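S.K.: Below: one structure in structure tokens.
The values are calculated or read from the model by the stated rules, or taken from the named source; none is laboratory data. What you see is a predicted model; the values in this text were computed from it and never measured. Heads up, the Cβs are rebuilt from the backbone with ideal geometry, glycines too, and the neighbour counts pull from every protein chain shown.
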Amino acid sequence: MRRRDPASADNCMESLVLHNTVKTARGEKRLSQGELADMVGVSRQTISSIENNQFCPSARLALLLCVALEKQFEELFYF
């Protein structure tokens, strides 16, 4: 049986951080963080945390952001 190296699992997880272009897309639509937050049902602080990669949105929230910003998932989120 092969043993898994925990360090390699950590490296894999670090490379799978979901990045985003929400701030850029929000700017293109001339929306404030508060306005976007209201559109998708979260706080302004949540939008700020997403934009700064401090919070990874749920699949549902990511979809709502795509709809609100009129973008495909691949246009807003990437690894």
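S.K.: Does any residue in region 28-50 that is under 10 Å from Leu65 (Cα atoms) come within less than 8 Å, Cβ to Cβ, of a residue that is loosely packed, with under 15 Cβ neighbours inside 10 Å and hydroxyl-bearing (Ser, Thr, Tyr) six or more places away or on a different chain, and which pairs are these?
M.R.: From region 28-50, the pairs are Ala37/Ser43.
S.K.: Filter region 1-30 for residues that are touching a Phe, Trp or Tyr at 6+ places or on another chain (Cβ under 9 Å), modelled with pLDDT under 90 and not in a helix (DSSP H, G or I); which is farthest from Ser58 (Cα to Cα)?
M.R.: Across region 1-30, the extreme among qualifying residues is Leu16.
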